[in-house]
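Student: Just dropping this structure here.
The values are calculated or read from the model by the stated rules, or taken from the named source; none is laboratory data. These numbers come from a predicted model, not from an experiment. Cβ atoms come from the backbone with ideal geometry, glycine included; neighbour counts cover every protein chain shown.
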Amino acid sequence: MAVAAAELLTVDEHFTALPLAVCAVAALVLPLRRRLPTATLCATLPAMLAGYLWLPPMVAMFQVASGGSRRRTATACVLLFAAASCPWPVEDLPAMTRQEVLTYVEAGVLMSMGPTALGLLARTRLELRARLADLTATREREQRLEAERAVTRERARLAREMHDTVAHHVGIIAVQSGALRAAETADAWKRDTAESIRRHSVQALEELRDMVGVLRASDPGAARTAGRTGLHGLRDLADDSLLDVTVEVEAPAAEPSAEVECAVFRIVQESLNNVRKHAPAAPVSVRVAPAPDGAALTVEVRNAPPPGPAGGPRPVHPPQPRPEPAPGPCAGSGDVLPGGGYGLVGLRERAALLGGSLSAGRCPDGGFAVRAVLPL
């Protein structure tokens, strides 16, 4: 635009009525070349035909070639060639020599084909850039699909392994405990214990079946319903824990979501498992209540220090989650049950996924406490 305006300085001595009119139109319509490229070219052609301004039509021709169709570009190029190669005034054409005519034709070819070629090159580069962007998006989509397929294959493999190993052993436990309950007629305590083992084994098989179905189907809806438990199951969980547990559940004003209820159940379940492994004789208190502001649900599982030797109580929890040594082949009630050290880590991850937090640590009296805050 600035160069085209500077071109006016070369014809200022010829500014009569006609040059002023055609040059003013060419300079004023040039800013519209991006929105109306063909109209801008037609409005600037008189300035080139009269021989006053050449840059505005060439700039407009570049815009037409870079964004217009092939037919429109060819038509505009012919018009520009005609305006550039036609002498002005036209009455002087019969008196021109052959060399002068060829000079006009050569100038018309250069002035029309030059911006046309540059415009076509710019359009080709834009199309190539768009094609490359499409290819890149397609490749990323294919990589994402391949990663999803790999995850699906791995989930199916894990489902097979879980079904072939865990289900086998738990099924044997369920069958043998059921047979033990049927065979035991004298001791009621043994019969009830065998029934408890059978019931837990069957429940574990049901939850395992749901999880295997989730892994095989990769169904988010099934994943949300598999293994779903709630606040109503906390008392039964405490009764089956073989611990001295006191449960206090205060329902919040707003009903918690199913995800929050499931997280509460799993936090209490894992905490009782830890107590059973590290302090089996210690009394435990479980308290679930809404926060003072009513916007969150607090879960606290606290166990007293276990009875120990006079030298002091034995530790109830490891300071940090870490792999624990497996018990010997003759592990009794006083041995530590095997654990992978990932229980508290999993609880923290579960709370963080819901936007909450979980803390665990030793109490001043030597016990241990797990406390979680889950937003409602």
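Student: Considering only residues that are under 24 Å from the mean Cα position of the chain (by Cα) and without any contact (Cβ under 8 Å) to a residue 40 or more places away in the chain, look in the range 152-176 and name the one that is farthest from GLN203 (Cα to Cα).
Tutor: Restricting to residues being under 24 Å from the mean Cα position of the chain (by Cα) and without any contact (Cβ under 8 Å) to a residue 40 or more places away in the chain, the top hit is ARG153.
Student: Would you be able to say whether some residue in the range 35-45 is within 45 Å of the chain's Cα centre (by Cα) and surrounded by fewer than 16 Cβ atoms within 10 Å (Cβ to Cβ)?
Tutor: Within the range 35-45 (the criterion being within 45 Å of the chain's Cα centre (by Cα) and surrounded by fewer than 16 Cβ atoms within 10 Å (Cβ to Cβ)), the answer is yes, since at least one residue qualifies.
Student: Right, here's the next one. Being touching a helix residue (DSSP H, G or I) at 6+ places or on another chain (Cβ under 9 Å) and outside the structural domain of ALA24 (by TED's automatic domain parsing) narrows it down to one residue among TYR104, TYR52; which is it?
Tutor: TYR104
Student: Report whether or not SER112 is touching a Leu at 6+ places or on another chain (Cβ under 6 Å) and of a type in the set (Ser, Thr, Tyr).
Tutor: yes
Student: If a residue must be without any contact (Cβ under 8 Å) to a residue 60 or more places away in the chain and among the β-branched types (Val, Ile, Thr), how many such residues does the range 252-284 contain?
Tutor: Restricting attention to the range 252-284, the residues satisfying the condition of being without any contact (Cβ under 8 Å) to a residue 60 or more places away in the chain are 253, 255, 258, 261-262, 265, 268-269, 272, 280-281, 283-284.
In the following step, the residues that additionally are among the β-branched types (Val, Ile, Thr) were identified as 268, 284.
Number of matching residues: 2.
Student: Restricting to the range 46-78, count the residues that are farther than 15 Å from MET113 by Cα, within 46 Å of the chain's Cα centre (by Cα) and buried (at least 18 other Cβ atoms within 10 Å of the Cβ).
Tutor: Adding up the residues that qualify gives 1.
Student: Okay, next question. Report yes if ALA291 is among the hydrophobic types (A, V, I, L, M, F, W, C), surrounded by fewer than 20 Cβ atoms within 10 Å (Cβ to Cβ) and modelled with pLDDT under 85, otherwise no.
Tutor: no
Student: Out of everything in the range 87-101 that is surrounded by 12 or more Cβ atoms within 10 Å (Cβ to Cβ) and not β-branched (Val, Ile, Thr), what residue ends up being farthest from the chain's Cα centre (by Cα)?
Tutor: It comes out as MET96.
Student: Could I ask something else about it? Taking the range 355-368, which residues are touching a residue at least 60 places away in the same chain (Cβ under 8 Å) and either closer than 25 Å to SER257 by Cβ or in contact with a helix residue (DSSP H, G or I) (Cβ under 7 Å, 6 or more places away or on another chain) (or both)?
Tutor: Here is the first cut: in the range 355-368, the ones touching a residue at least 60 places away in the same chain (Cβ under 8 Å) are 356, 358, 363, 365-368.
Listed by number, the residues that qualify are GLY356, LEU358.
Student: Out of ARG155, ARG198, report the one residue that is modelled with pLDDT of 80 or more and of a type outside the set (Gly, Ala, Ser).
Tutor: Testing whether each residue is modelled with pLDDT of 80 or more and of a type outside the set (Gly, Ala, Ser) leaves just ARG198.
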